[in-house]
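Step one of this worksheet: look at the structure below.
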Amino acid sequence: QARVVESGGGLVQPGGSLRLSCICSGSIFSIYAMRWYRQAPGRQRELVAAITRGGGSDTADSVKGRFIVSGDTAKDRVYLQMNSLKHKNTAKYFCNVDFHPMGGEWGQGIQVAVSS
């Protein structure tokens with residue numbers, strides 16, 4: 001069973017920055033994609049950003065220009081640089097590792113709180 005661990009969350013002021021990290025270990029399968037999701041209370045979990053094995057990356061329109069995703073599936077890690085943070089970005093952020101076509105695994109999530 002693969003292990004997926006997020007780090008780098010915490011409390012930040014509006015307009016500030018935070019960098020999330022996700023590391024995957026223990027899987028016998030190669031990684032097709034690594035994705036960041038977030039979920040705020042009462043809201044649906046949403047895709048924020050992703051990297052793929054072929055070198056592609058993307059961020060959701062809602063965070064484009066403020067959030068930057070980077071990493072390397074071959075090194076089993078992905079990062080999310082979050083800039084110009086807003087109150088509405090407060091959520092629990094999850095890392096999802098996609099072993100397509102061999103399934104996937106979720107991290108436990110990490111809290112990001114944007115508050116004055």
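Within the chain, CYS24 have no other Cys Cβ under 4.7 Å of their Cβ and so lack a disulfide-compatible partner by this rule. Taking label points 7 Å from Cα along the Cα-to-Cβ direction, ALA74 and GLN13 give a separation of 4.1 nm. Full extension of the chain segment joining SER57 with SER30 gains 8.0 nm, where the gain is 0.36 nm per residue of separation less the Cα-Cα distance. For SER27, the residues whose amide H sits under 5 Å from its own are ARG3, ignoring neighbours fewer than 5 places away on the same chain, with H placed 1.01 Å from N. Rounded to the nearest 20 debye, the dipole magnitude of the chain is 320 debye, with +1 charges on Lys and Arg beta carbons, -1 on Asp and Glu beta carbons, and the Cα centre as origin.
What is the percent carbon and sulfur in the accessible area of the chain, measuring with a 1.4 Å probe over the protein chains and ignoring ligands? Answer for the chain is 49 percent, counting heavy atoms of protein chains only.
Each residue of the range 76-85 is assigned a 3J(HN,Hα), and the resulting list reads 6, 8, 9, 10, 9, 8, 10, 10, 6, 5 Hz, derived from the Karplus form 6.51 cos²θ - 1.76 cosθ + 1.60 (θ = phi - 60°), x at Gly and Pro. Database remark: amide H of ALA40 closer than 5 angstrom to the amide H of LYS92 (H placed geometrically; neighbours at sequence offset of 5 or more, or on other chains; Pro and chain starts carry no H).
How long is the gain from VAL5 to GLN81 if the chain were fully straight, where each residue apart is worth 0.36 nm and the alpha carbon distance is subtracted?
So the chain would gain 25.7 nm between VAL5 and GLN81.
Probe of 1.4 angstrom, ligands and nucleic acids ignored: what's the accessible area per residue over the chain, in square angstrom? Intermediate results must be reported in sequence, preceding the final value.
Numbers: 6250 Å² over 116 residues.
On a per-residue basis, 54 Å².
Remark: relative contact order (the chain) = 36 percent; criterion is Cα-Cα distance under 8 angstrom and separation of 6 or more residues.
Scanning residues 5 or more positions from PHE99 or on other chains, those with amide H under 5 Å from its amide H are TYR32, GLY104, GLU105, with H placed 1.01 Å from N in the peptide plane.
The values are calculated or read from the model by the stated rules, or taken from the named source; none is laboratory data. On a predicted model such as this, the values are computed, not experimentally measured, just so you know. No Cβ is skipped: glycine too gets one built from the backbone with ideal geometry, and neighbour counts run over all protein chains shown. SASA here: full protein model, heavy atoms, side chains in, ligands and nucleic acids out. Shrake-Rupley method; radii C 1.70, N 1.55, O 1.52, S 1.80 Å.
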